[in-house]
Ligand code: PEP
């Protein structure tokens, strides 16, 4: 499986800054193309999606969130139809910041996942334990609960998606999990997916996220550990993220 690498900009970059980033990214890719060696996805904030989508070379477009209805009285929300018109292919579901700061729960995330699949997007389902849950030895239980909350009870494989294992304590802290810990969690997720969907799920990329940088990415993105990385802080400069992709 070729590495999957996501750049989650979170709530960073105005449209002008996003344009500057893409111009630099494009010049790096044109100078030294990435070819087919990786699937790279940029996740700008909603306001910059159109500008990024119009100019971007050598990467796919992703959105950081979605509301699970096509239209209606949902002030402030963005629908799958709106994202489709902008050329968005991937959408994050259940990032820890939405679970823990915005209070989103599994039942709501399941609706998002279903709405995305129905509209032909590729959801990126984020799961991961907090530091407290980890200390209490509950990592596996939490991962299974989050997976089952969104994927459980289905008759059939829902279609293409990605799973990101992102331990909450490693996100934005500069302290990543060890590749051994990541490998263990990814393996557990893989076993779950295979148990639920059989061989159909074996092609689902399971990636690691949490303080990944250009120097440590090689330890996470390799056979036996994970199929890629979801990157926050180190995706905010085009040169740094490009280097990270190159090193993966
Ligand atoms: C993330 O936002 O998904 C993330 C992993 O952030 P960081 O790389 O900054 O830890």
Fewest to most neighbouring Cβ within 10 Å: what's the order for 10, 112, 234, 2?
2, 10, 234, 112
Run the helix sum for the chain: -39,500 (n - 2.57) per DSSP H stretch of 4+ residues, divided by residue count, reported at 222 nm to the nearest 500 deg cm²/dmol.
-11500 deg cm²/dmol
Which of 165, 67 has the fewest other C-beta atoms within 10 Å, and how do the rest follow up to the most?
67, 165
What's the percent breakdown of Cα-Cα distances in the chain across 5 Å bins, shortest bin first?
1, 6, 14, 19, 20, 18, 12, 6, 2, 0
From Cα pairs below 8 angstrom and at least 6 apart in sequence, can you work out the relative contact order of the chain, rounded to a whole percent?
20
Sorted by Cβ density within 10 Å, fewest first, the residues 208, 21, 242
242, 21, 208
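Only the coordinates and a few stated rules stand behind these numbers; no lab work does. Because the structure is predicted, anything quoted here is derived from the model rather than measured. Counting neighbours? That spans all protein chains shown, and the Cβs are built from the backbone with ideal geometry, glycine included.
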